[in-house]
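Notes follow the structure.
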Amino acid sequence: MISILRRKNDTQPTRRLCIQVLRHNPADAASVPHLQAFEIAEAEGMTLFIALNEIRATQDPSLQFDFVCRAGICGSCAMLIDGRPGLACRTLTRDLGTTITLAPLPFFELIGDLSVNTGKWMRGTSERLQTWIHSSAQTDLDALEAPMEPELAEAIYELDRCIECGCCIAGCGTAQMREKFVGAVGLNKIARFRLDPRDDRSNDDFYELIGDDDGVFGCMSLLGCHDVCPKQLPLQTQIAYLRRKMAVIGLA
Amino acid sequence: MDVIHTDVLVIGGGLAGLRAALGARKRGQKVIILSLVPPKRSHSAAAQGGMQASLGNTAKGAGDNEDIHFEDTVRGSDWGADQEVARMFVHTAPKAVRELAAWGVPWNRVQAGPRDVIIDSQRVTLTEPEAAHGLITARDFGGTKKWRTCYVSDGTGHAMLYAVSDRTIAEGIPVHERMEAVSLIHDGERCYGAIVRNLISGKLLAYVARATCIATGGFGRIYQSTTNAVINEGIGAAIALETGVVPLANMEAVQFHPTAIFPAGILVTEGCRGDGGLLRDVDGHRFMPDYEPEKKELASRDVVSRRMEAHIRSGKGASNRFGEHLWLDITLLGEAHINGKLREVKEICQHFLGIDPAKQWIPVRPAQHYSMGGIRTDAHGAARGLSGLFACGEAACWDLHGFNRLGGNSVAETVVAGMIVGEAIADFCATPEGDMHVSTALVRDCREQENARFADIATSRGQESASVLMQRMQAIMSEKVGIVRNGDDLTVAVDELKNLLLRSRQIGLRSSAPGANPELTTAWRVQKMLKLALCVAYGALQRSESRGAHFREDYPRRDDAQWLKRTLAFWRDPEQRVPTLEYENLDVRHMELPPGWRG
């Protein structure tokens, strides 16, 4: 028979978890950032989604956090888990120690406790980098679609898998120093549209968007982004490739 | 008072809402979209397997056309669907796929020549036509005669949502994020927009609009075991119901997806079975052919879910410490296929189960998945009961799906409905009816009323806990209003839900954090969700037949003589404790495909 869960030995007692949350409510003038500890009993298969909801339901109903899909696909719940950016919903407590420290993702505007406004920043970046297909072609919806090589479609999807969770920004050295840096999420999007033959833009056009220190030349190649990306996007290769292409334009 | 004026207010930033907004914007209307979350985080992103459209590019899709798609959809619905809507839908779906392709969706493409696939557990070599090379390909899904489901690996919804969301950014349509519509501004005849709560500050604003479109998705979170995202609480449908004049239709028609991982309830796509995956029981036996010798694992979802539950009841379920389940076996598809076409499934299995689906079986059990019912509209999205109000997508019941939706028809519906309803909204705005004379007193009164409701909850000294009531409601719905229903259980469920509704007026808060206190938000929402739960349970109790996903073991047959009709649930008096049900007949004389055997 197939074993389904990495089962805990039944003789082992249930762990008591101490979950420390960095709390602050900007809407409350009296609020001071502080660590608050919550104790809960670990359950089998417990994720941070389950743990935080249990804390909110049974201990502190004012605790703020963001979950949507709870399946690791929507990017809402990125936070610092023991100091490392990650998706809380798919983090199992059994992979962590008995004391777990949670903090909001840095860099983004704090809404309260573990909730940050990634959406506002992502929309701004999208407007700035014009992350949509630029095409002057008129599409006839009644005509057969334009063919595309199957491998190319798959290569575009590979970069299209970004979920805008913000982990790469939280793990980025440049972003700590340069507030306007577009980060790996922004550069990956440029790489994605650059690869797409349906987008009319040229390298010169892309250079206008990212050919400076807030764009591809700001990257210091520390590659924290690559290490923490929950979708394991090929950020290292894409940024390096893009920098080479943009450097050619810049030197021309 | 903060009042924001616009031509069109779209409530909901998922695929349906975004696409409707684009349609209205293209026709020159000023549009604002409200969204609970950043739109790219909407539940549309969770659609994995694909979108049906009869392109017929592949070898196994050859000869496909709108007529076959139409028949599959109507049969799948167990003749509950509106056939005029189904016709329009199948005609528009191929256009929607091509529009999305132009907007950047990286649809998987046909590779000409031979390729190996798994069909009915056998390795088969298909030869894709040379002329179709590079066109949009399709996979097999349940309940369809042809391979018709266009896909992007198993991240189809994600790719579609990103392309459409990026399109709205390109068109400069503002999305007001973290905003929740808490009531509709109306005078019993016309809708003038919505009162909206800012989920960061907790403040109420008025959005006054000539046309308002609700596209807030389904209400799966009234169930304990659901594949739905935590934001799918049905509040959009609930505020329409609370107008007292807009009915919710077929609320008892709730779909359960066969393959949610157990016990977390996270979806793994129907594409797993479409691509050749099998269902197995405690003995490793492939049991579906015993029940459904023809369609096997790929019978329609209601049938497979029912067979799975029956098989578990017969003592053939596997079990772990959380309870009983069955196995989904995709090991036969091979690692390369799983890594390429089922990678989200692979990630979900890794992260939530700690298994590799290329080597191990996946524990699954059916879970609530989709709401066929919703705000009753006409075939172009105009809501019954209030002029100026529209609805589209899962929140609406224009009635494409009847009593069972086919896999791949929901993301398809979001964009197709968005195209059709977006045009209808623009048409409406261009007519004299689309002009508006709104009383500022009405807007103020609506806001004051909502303010008072929130203040009442916030200052109540009641003893009830919102989260306790919520959990109890979810447990009742999963236990007694689930896949297999009967009169006794439903009666108990309705009684207890009525009791919970009364108790929900006695909720007291334990916290008073400034800003949008999450406890206050839950307390306010649970009152609305209980009304939806009552619409589902009471509608299910009254419908003494079995049709599609609504299965009554005490009335196991479809009864066209009595029940070829659509349920309409009204909540006319705020004090009433069950909805008022009315019924509208489906006219057989206007059916292109008269009721028959589902096959």
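The values are calculated or read from the model by the stated rules, or taken from the named source; none is laboratory data. As the structure is a computational prediction, the values presented were derived from the model and not from experiment. Neighbour counts run over all protein chains shown; Cβ positions are idealised from the backbone, glycine included. The accessibility values were calculated without ligands, DNA or RNA, using every heavy atom of the protein model including side chains. Shrake-Rupley method; radii C 1.70, N 1.55, O 1.52, S 1.80 Å.
For every residue, the table says whether it meets (1) in contact with a Gly (Cβ under 9 Å, 6 or more places away or on another chain); (2) open to solvent by 10 Å² or more (accessible area, probe 1.4 Å); (3) among the basic types (Lys, Arg).
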site: A:139; (1), (2), (3): no, yes, no
site: A:147; (1), (2), (3): yes, yes, no
site: A:161; (1), (2), (3): yes, no, yes
site: A:170; (1), (2), (3): yes, yes, no
site: A:201; (1), (2), (3): no, yes, yes
**Request:** Check residue B:158 against each of (1) within 14 Å of chain A (Cβ to nearest Cβ); (2) more than 19 Å from the chain's Cα centre (by Cα); (3) buried (at least 24 other Cβ atoms within 10 Å of the Cβ) and name the one condition it does not meet.
**Result:** (2)
**Request:** Could you tell me which numbered condition residue B:172 fails, if it satisfies all but one of (1) facing chain A (nearest Cβ under 8 Å); (2) free of Cβ contacts under 8 Å to residues at least 12 places away in the same chain; (3) of a type in the set (Gly, Ala, Ser)?
**Result:** (1)
**Asked** So residue B:333 clears everything in (1) over 13 Å from residue B:279 (Cβ atoms); (2) modelled with pLDDT under 95 except one condition, right? Which one?
**Response** (2)
**Asked** Residue check: is residue A:129 more than 7 Å from every other protein chain (Cβ to nearest Cβ), within 25 Å of residue A:215 (Cβ to Cβ), surrounded by 21 or more Cβ atoms within 10 Å (Cβ to Cβ) and modelled with pLDDT of 95 or more?
**Response** no
**Request:** Working only within region B:206-238, note down all residues that are open to solvent by less than 10 Å² (accessible area, probe 1.4 Å), within 14 Å of chain A (Cβ to nearest Cβ) and small (Gly, Ala, Ser).
**Result:** B:218, B:220, B:229
**Asked** If only one of A:112, A:124, A:119 is under 19 Å from residue B:42 (Cα atoms) and facing chain B (nearest Cβ under 8 Å), which one is it?
**Response** A:119
**Complete:** Taking region A:12-23 and keeping only residues that are surrounded by fewer than 16 Cβ atoms within 10 Å (Cβ to Cβ) and either modelled with pLDDT under 95 or outside any strand (DSSP E or B) (or both), one is left with A:12, A:13, A:14
**Message:** Being part of a helix (DSSP H, G or I), within 11 Å of chain A (Cβ to nearest Cβ) and open to solvent by 30 Å² or more (accessible area, probe 1.4 Å) is the filter here; which residues of region B:504-553 pass it?
**Reply:** B:522
**Fill in**
For region B:182-205 the number of residues that are crowded, with 24+ Cβ neighbours inside 10 Å, on the phi < 0 side of the Ramachandran plot and among the small types (Gly, Ala, Ser) is 1
**Request:** Hand me the list of strands (runs of 3 or more DSSP E) wholly inside region A:62-169 holding 2 or more residues that are touching a Lys or Arg at 6+ places or on another chain (Cβ under 9 Å).
**Result:** A:110-112
**Matching residues, region B:339-363, being closer than 23 Å to residue A:88 by Cα and more than 8 Å from chain A (Cβ to nearest Cβ)** = B:342, B:343, B:345, B:346, B:349, B:350, B:356, B:357, B:362
**Request:** Name every residue in region B:576-596 that is open to solvent by less than 40 Å² (accessible area, probe 1.4 Å) and of a type outside the set (Asp, Glu), in order of residue number.
**Result:** B:576, B:578, B:579, B:581, B:586, B:591, B:593, B:596
**Message:** Looking for something part of a loop (DSSP other than H, G, I, E, B), crowded, with 24+ Cβ neighbours inside 10 Å, aliphatic (A, V, I, L, M) and in contact (Cβ under 8 Å) with a residue 60 or more places away in the chain - is there at least one such residue anywhere in region B:425-442?
**Reply:** no
**Asked** Only one of B:134, B:142, B:202, B:172 is in contact with a strand residue (DSSP E or B) (Cβ under 7 Å, 6 or more places away or on another chain) and not acidic (Asp, Glu); which?
**Response** B:134
**Prompt:** So which strands (runs of 3 or more DSSP E) are wholly in region B:79-185 and hold at least 3 residues that are more than 30 Å from residue B:550 (Cα to Cα) and out of contact with any helix residue (DSSP H, G or I) (no Cβ under 8 Å at 6 or more places or on another chain)?
**Reply:** B:113-119, B:122-128
**Message:** Looking for something closer than 17 Å to residue B:473 by Cβ, in contact with an Asp or Glu (Cβ under 6 Å, 6 or more places away or on another chain) and not in a helix (DSSP H, G or I) - is there at least one such residue anywhere in region B:244-255?
**Reply:** no
**Message:** Restricting to region A:26-60, give me the number of residues that are touching a Cys at 6+ places or on another chain (Cβ under 8 Å), more than 10 Å from chain B (Cβ to nearest Cβ) and hydrophobic (A, V, I, L, M, F, W, C).
**Reply:** 3
**Fill in**
Of the candidates B:72, B:7, the one satisfying the condition of being outside any loop (DSSP other than H, G, I, E, B) and open to solvent by 30 Å² or more (accessible area, probe 1.4 Å) is B:7
**Prompt:** at positive phi, within 14 Å of another protein chain (Cβ to nearest Cβ) and not in a helix (DSSP H, G or I): does that describe residue B:276?
**Reply:** no
**Request:** Please find, within region B:187-205, the residue that is nearest to the other protein chains (Cβ to nearest Cβ) out of those that are assigned to a loop (DSSP other than H, G, I, E, B) and not hydroxyl-bearing (Ser, Thr, Tyr).
**Result:** B:200
**Asked** Hey, among the residues in region A:170-193 that are in a loop (DSSP other than H, G, I, E, B) and charged (D, E, K, R), which one's nearest to the other protein chains (Cβ to nearest Cβ)?
**Response** A:180
**Asked** Pick from B:299, B:310, B:336: which is within 14 Å of chain A (Cβ to nearest Cβ), over 23 Å from residue B:566 (Cα atoms) and of a type in the set (A, V, I, L, M)?
**Response** B:336
**Prompt:** Identify, please: which residue in region B:313-333 is open to solvent by 10 Å² or more (accessible area, probe 1.4 Å) and of a type in the set (D, E, K, R) and is, among those, farthest from the other protein chains (Cβ to nearest Cβ)?
**Reply:** B:313
**Asked** Is at least one residue of region B:69-82 more than 9 Å from chain A (Cβ to nearest Cβ), more than 26 Å from residue B:403 (Cβ to Cβ) and polar (S, T, N, Q)?
**Response** no
**Asked** farther than 24 Å from residue B:226 by Cβ, small (Gly, Ala, Ser) and in a helix (DSSP H, G or I): does that describe residue B:315?
**Response** yes
